[in-house]
Structures are given as structure tokens and as C-alpha cells.
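Presented below is the structure to which this report refers.
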Amino acid sequence: INKIPYYNPNYAWDYSPIGNEDCSSYSACEQELVEGCPWECRYGKKTQDYIIDGMGVYVTRNSDTYLYGQMELSDNVAYGNGINGVVFHRTDRGVVKRNTVYDNGVVPRLEYEEAVMEDWMVNLSKSRQSYSGIVLNSAEEVKLWSNNVSARYETDYAFNTVEDGGATPPLSAGGNNRVCKGIVSPELASVVSEETDASVCGIVVSSSSPTASPTPQPTPQPTKQPVTLEPTNAPTVTPKYIEIACGNKCHLIQWPYKMGSSYVPSVAYEECEFDCDNGDCKAFSLQDDTRSNFSGYKRCFLYKASKEPSPEICANDPFSHPFCSYATSGGSFFVTPAAKEQYNVQNM
């Protein structure tokens, strides 16, 4: 662990790096004393005697630097960090996926006794934040897929979303996330499932060495990751696409379409969804690519929003009419809620 807290020699004695504390009203701050000077006024200065930093993988402050596209944070194994394992901060249109996060929060929470009290812990005057997993902080239009997290304590947040001011931004999409230990914020509860078996979180940890390097297990790689409309008491993420049960005939051949790219199954849903988001598209399907040089891939088909089904009979409950759909292998079909209602798209 890096035991050196953040230090900024340019911070004036009366400057408050955190919050809106009026540091100039405390003579102890001017005298560079710990006692009598609020902790907010001592951050980044030589009188700081606490640690509130310590992120593992940290994406921060990109919202003003790019206006288009997405930023992806994926396939990291984060462990042994001071506070969180993964943080996505002030960065919009992000894709946070397939990250394995465990045994972070090494900086103490003072209400918990440390099994081994190291020298750098002795004089800490303040606990760290109660986070030790994945945090989305003031980030809009984020997608959260297939992350596996185990917090240090049951009272630590494993999945959390926060906002510097105002309402917390909703997710753009998400699902297939697992928590083995810790709290999930209500805003993310509908896209995270609880697991009691720590191995499901993709890691094997030696009980005699809690901060040892993990041995990652293969992360489950779904071929599709839609958000469903099942009722829940927890806040839900409004889905952009609804999956339709289509059996072995998942291609609506009478809906004008574009044959898109092929992707490996582990990312096929996300990539095809992205293609649909950024094109003339009201629905998309995935199916096994039968081309010899794309064996094992999923082909993405994009159904055009600007064109109507023809013949007209395929514009109403299309999967109920045999000639409206075409045979597929390993197929799946996803449609926007608006198009589902407009064309009465029902399960086969």
C-alpha cells in the first residue's frame, strides 16, 4: 500500500480543499496545529493525519474534455487498495464491465479492530469512508455490466453511486453484477445480485493472508445481458431494450434491417446495443455467425427505425406469423419499449 497521503505545497493555510469550511476563522490552522483545525482544512497539508484517498483504478474528470463516444473501464482485478477498487468519477457515457474487486479498504475504519496494527495506522485520527468496492461518482449515462465485488466489511458499500450535488444520475443500462459481501446502494439494486459463495466473485483468497494477490477465476461471460421489466420494490433502471423470447426464429426478415458486425459472445450484447444506440435502429438481434471465418462469433442485425415492416401483417405481433421471422441458431431479439408497443411484439 502507498502510505504517503496526498500533499499539495500550494495549499494556503486558510484554503479548504474539501467542502466549504471557513478555515480562516481558525487560528489553529494558521499555526499549523492539528487540534482546533477542522480536518477539511488540513487535507493535502502537512497537518493531515488521516487518509481518505486510496483508489485502485480511478477514472476521473473527463466530462468536460470529450463530447462524443464512450469510455470503457473493463477487465481489471483490483485488490489491496486503501479504499475503493474501482472508481468512475465525473466521466460520462462510461462502460464499467467485467471488473473483479475484492479485499480493498485497507485503510482502517476506526470502529473495527485491525488484526495487525501497522505503524502507519497508529496515529490516524479519522476513519476512511465506508466504501471498498466500485463507486460511480457524478457520472451520467454509465453502463454497469458483469462486475464481481466483495467488500472488506458487511457495512462497506460494494456497489455505490453518489453525486457531488443534486440527484444521483440513473444508469444507462446494466446487469449480471454480483456482490459477495457488502452493501449495494438502492439505485443499483436492480442490476446487482447477491451471492454467498465468495468464489462466484471470481477469486480465491487464502484465509491466512487477507491481502494476498488473488488468483482470478474466469468471470462468467454471458452472451446477452438485457435489463428486464420484472417488478421490484427497489429503484429500477429503465431498460432501453426488452428481450423477446423468439425460439429458433429470431431474425425478423420482413423488418428492414442492416447486417452489422460480428462479436465474441462475451461482449456481443453490449456492442450490438451500442451499434443500435448510435444508428437508425429500433431493435436488434444476435445469432450465431455461420461464416467459416467467424465461427463462434455472434452476428448483430439492426432493424431500421426509419422503415416500416412489409408486408403490413408483420407490423403486428410479428413472431406469431411464420413467414415474418427466419430460422436462426443461438438467436436472441431485443426491442425498444416504444417499438414493442407500436408493433405489439410478443414472445413466440
* To do: Could you tell me whether ALA283 is at pLDDT 95 or above, within 26 Å of the chain's Cα centre (by Cα) and not basic (Lys, Arg)?
  => yes
* Failed criterion for ASN84 (all others in (1) open to solvent by 20 Å² or more (accessible area, probe 1.4 Å); (2) assigned to a loop (DSSP other than H, G, I, E, B) hold) -> (1)
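Could you identify the single residue in PRO235, PRO239 that is modelled with pLDDT under 95, within 30 Å of PRO170 (Cα to Cα), in a loop (DSSP other than H, G, I, E, B) and open to solvent by less than 30 Å² (accessible area, probe 1.4 Å)?
PRO239
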* Any chance GLY94 is touching a residue at least 40 places away in the same chain (Cβ under 8 Å), under 18 Å from GLY182 (Cα atoms) and among the small types (Gly, Ala, Ser) -> no
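Condition check ((1) in contact with a helix residue (DSSP H, G or I) (Cβ under 7 Å, 6 or more places away or on another chain); (2) closer than 24 Å to ALA167 by Cβ; (3) in contact (Cβ under 8 Å) with a residue 24 or more places away in the chain) across all residues:
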residue	(1), (2), (3)
VAL59	no, yes, yes
GLN70	no, yes, yes
GLY85	no, no, yes
ARG90	no, yes, yes
GLU118	no, no, no
ALA139	no, yes, yes
* Asked: Tell me, which residue of the range 120-150 that is in a loop (DSSP other than H, G, I, E, B) and among the charged types (D, E, K, R) is least open to solvent (accessible area, probe 1.4 Å)?
  -> ARG128
* Could you list, in sequence order, all residues of the range 314-331 that are among the hydroxyl-bearing types (Ser, Thr, Tyr) and either out of contact with any Ser or Thr (no Cβ under 9 Å at 6 or more places or on another chain) or modelled with pLDDT of 95 or more (or both)? => SER320, SER325, TYR326
* Within the set of pairs 6+ apart or on separate chains, which have a first residue in the range 176-194 that is under 12 Å from TYR153 (Cα atoms), a second that is aromatic (Phe, Trp, Tyr) and outside any strand (DSSP E or B), and C-beta atoms under 8 Å apart? -> LYS181/TYR153; GLY182/TYR153
* To do: Scan SER193, SER209, SER199 and give me the residue that is surrounded by fewer than 16 Cβ atoms within 10 Å (Cβ to Cβ) and either assigned to a strand (DSSP E or B) or at pLDDT 95 or above (or both).
  => SER193
* Would you check if TYR50 is touching a residue at least 60 places away in the same chain (Cβ under 8 Å) and open to solvent by less than 30 Å² (accessible area, probe 1.4 Å)? => yes
* From the list LEU144, LEU124, which residue is closer than 30 Å to SER266 by Cβ and not aromatic (Phe, Trp, Tyr)? -> LEU144
* If we scan the range 33-42, do we find a residue that is closer than 30 Å to GLU271 by Cα and open to solvent by less than 80 Å² (accessible area, probe 1.4 Å)? -> no
* To do: Collect the residues in the range 16-50 that are among the charged types (D, E, K, R) and either closer than 17 Å to TYR6 by Cα or not in a helix (DSSP H, G or I) (or both), keeping them in residue-number order.
  => GLU21, ASP22, GLU32, GLU35, GLU40, ARG42, LYS45, LYS46, ASP49
* Asked: Is it true that ARG109 is over 13 Å from ILE134 (Cβ atoms) and open to solvent by 10 Å² or more (accessible area, probe 1.4 Å)?
  -> yes
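The values are calculated or read from the model by the stated rules, or taken from the named source; none is laboratory data. Computed from a predicted model, the values in this text were never measured in an experiment. With ideal geometry, Cβ positions are generated from the backbone for all residues, glycine too; neighbour counts draw on all protein chains shown. Calculation scope for accessible area: heavy atoms of the full protein, side chains included, ligands and nucleic acids excluded. Shrake-Rupley method; radii C 1.70, N 1.55, O 1.52, S 1.80 Å.
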